[in-house]
Amino acid sequence: DAVFINHGDMVLTFDWPESQASLLLRGGRVLAGKHAMITIHEVPDPYVLRIVAYDVELGQEFVLFLHSRDVLLLLDTRDAELAQAAKDMMQSQHPSDAETAYTHLKGPCVQAFSER
């Protein structure tokens, strides 16, 4: 599976508020067959996630800043995948209901993020 992000910024329009940032994740991962160190920081107001991937082999750093709208779009995609899987399971169990109308509702990921 691949994720294509059309959102987020490589540069912030303001200085990174280091004193407000909290560390969410730091660890090694294999991304696209390459070893990388991933670090994610979060700032609550205004909400920003800073994702830094450091390519260990090339010695290059890649930075992406996600604002709340970007995070909500990614979470909504995840919720949509879960909803589609549930719909497919329901249709396989009840073929007569195959034409049930689909209504978009906030999924559990978006709901939990919005309540923070």
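Things to note:
- Summed side-chain charge close to Phe65 - residues other than Phe65 whose Cβ falls under 9 Å, Lys, Arg +1, Asp, Glu -1: -1
- In the range 6-45, the alpha-carbon atoms span a convex hull of 105 Å³ per residue.
- Each label was represented as a point 7 Å from its Cα along the Cα-to-Cβ direction; for Arg69 and Thr13 these points are 1.0 nm apart.
Only the coordinates and a few stated rules stand behind these numbers; no lab work does. Just so we're clear, the structure is a prediction, and the values are computed from it rather than from any experiment. Every residue, glycine among them, receives a Cβ derived from its backbone with ideal geometry; neighbour counts consider all protein chains shown.
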